[in-house]
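**Q** Below are the structure tokens for one structure; questions will follow.
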Amino acid sequence: MRKLYAVPMGLVGAGAATFGYASLIERNWFRLRRFEVPVLPPGRPSVKILHISDAHLTPGRHRLIHWVRSLDALDPDLVVNTGDSISHRDSIGPFLDALGPLLDRPGVFVYGSNDLYSPVFKNPLRYIWRTSRRDYARRRREPDLPYRELGSSLQAAGWLDLNNRIGRLKVGELDIEFGGIDDSHINRDRYDKIAGPVDPQADVHLAVMHSPEPRNMDRFVADGYDLLLAGHTHGGQVCVPFYGALATNCGIDRPRVKGLHRHNGAWLHVSAGLGTSPMAPMRFCCPPEASLLTLVPRRPAEE
């Protein structure tokens, strides 16, 4: 009888240990990733961009709040937030507290779906064969989170709202042009509002979006953007060793679910994000992260 129960009990124990690790340890094991991106004209000074995404902040996540505040010590020249900042109606204050001194730096932002809609439980296995985009179209109409208040607070600090907008900032000695779209995952992207060639007088052109959908990335590249910044994927959130992400929850391919890659001649950086939905509070083989991107001059072969 003991042998009969040994295997199932062992599997239950292994599952519980894995869930405990994924929810209590790795979910709070924050990492900083660093990349050099050769997109600047020759002779221009480098700039540091702090890319944050997918905090999904709920009140009480003190470790996340303190870690994000500590990123100001990196002395970034620009902060880019690619959305899903909150997951609770009382999270705007804690999120602004997390940004802290970063709000005094130049910054830009777009929204993600969870800035508008509070999370609901979903079977996580569904992400393997479908995205969650249809859930919003069928069941959710009116936003129930204070995303406008979030946006107003960030704009009051001087950050640019890039939801279906063009923007421009002087960052150090660089003139940076931005193009941004609202979240395509909930059909709020309106690329036609920003469509058109970039201004060649700018030193560099950055595209900002929440979900890295190829149809929008193709249009950004065709219009001349040098670097595309996105989040949304959580890097797969639950990954398999030696295989990687099981799903991306959008149109991007699995090998580019996180990190720095190329897209039709431009550079693409997808953040694996800082948090998780409170309905799925775990990460496995995919620690939460922020990224420091150092923009440097293009090499001669890339001219």
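**Q** In segment 149-244, what percentage of the DSSP-assigned beta bridges are antiparallel, given to the nearest 5?
**A** Here the share of antiparallel DSSP bridges comes out near 50 percent.
**Q** Ratio of alpha-carbon Rg to the 2.2 N^0.38 Å globular estimate for segment 138-224, to two decimals, please.
**A** Dividing the Cα radius of gyration by 2.2 N^0.38 Å gives 1.19.
**Q** Separate question: Using a 1.4 angstrom probe on the protein heavy atoms only, could you order Phe30, Phe242 from most to least accessible area?
**A** Listed by decreasing accessible area, they come as Phe242, Phe30.
**Q** To continue, here is another question. Between 0 and 90 degrees, rounded to the nearest ten: what's the tilt of helix 147-156 against the longest Cα principal axis of the chain?
**A** 40
**Q** Can you give me the accessible area per residue for segment 186-230, using a 1.4 Å probe, in Å²?
**A** Value returned for segment 186-230: 38 Å² of accessible area per residue.
**Q** May I pose another question? According to a simple spin-label model (label point 7 Å from Cα along Cα-to-Cβ), what is the distance in nm between Leu74 and Glu149?
**A** Roughly 2.9 nm, to one decimal.
**Q** Can you list, largest first and rounded to whole Å, the semi-axes you get for the chain by taking the square root of 5 times each eigenvalue of its Cα gyration tensor?
**A** So the three semi-axes of the chain are 33, 21, 20 Å.
**Q** Near the amide H of Leu268, under 5 Å away, which other amide H atoms are found, from residues 5 or more places off or on another chain, if H is placed in the peptide plane?
**A** Answer set, sorted by chain and number: Leu228, His261, Arg262, His263.
**Q** Using only the alpha-carbon atoms, how far is helix 2-20 inclined from the longest principal axis of the chain? Give it as 0 to 90 degrees, nearest 10.
**A** That helix lies at roughly 20 degrees to the long axis.
**Q** May I pose another question? Calculate one ³J(HN,Hα) per residue across segment 273-280 by plugging θ = phi - 60° into the Karplus curve 6.51 cos²θ - 1.76 cosθ + 1.60, and present them in order as whole Hz with x for glycine and proline.
**A** x, 9, x, 8, 4, x, 7, 9
**Q** Just from its helices, what would the mean residue ellipticity at 222 nm be for the chain, if runs of 4 or more DSSP H residues each count -39500 (n - 2.57) and the sum is divided by every residue, rounded to the nearest 500 deg cm²/dmol?
**A** About -6500 deg cm²/dmol.
**Q** On the protein heavy atoms, probe 1.4 angstrom, tell me the percent of accessible surface of the chain carried by carbon and sulfur.
**A** Carbon and sulfur together cover 56 percent of it.
**Q** Packing-wise, with mean Cβ within 10 Å as the measure, how do 267-275, 288-296, 194-202 rank, highest first?
**A** 267-275, 288-296, 194-202
**Q** Still on this structure: Out of all DSSP beta bridges in segment 175-291, what portion is antiparallel? Express it as a percent rounded to 5.
**A** If we restrict to bridges inside segment 175-291, about 35 percent are antiparallel.
**Q** Can I ask one more? Based on DSSP, what percent of beta bridges with both residues in the chain are antiparallel, to the nearest 5?
**A** Percentage antiparallel, nearest 5: 35.
**Q** Still on this model: List the relative contact order of the chain as a percent without decimals, with contacts defined as Cα pairs under 8 Å and 6+ residues apart.
**A** Contact order relative to length: 27 percent.
The values are calculated or read from the model by the stated rules, or taken from the named source; none is laboratory data. Note that this is a predicted model, so its numbers are computed, not measured. With ideal geometry, Cβ positions are generated from the backbone for all residues, glycine too; neighbour counts draw on all protein chains shown. To get the accessible areas, we keep the full protein, side chains included, count just its heavy atoms, and leave off ligands, DNA and RNA. Shrake-Rupley method; radii C 1.70, N 1.55, O 1.52, S 1.80 Å.
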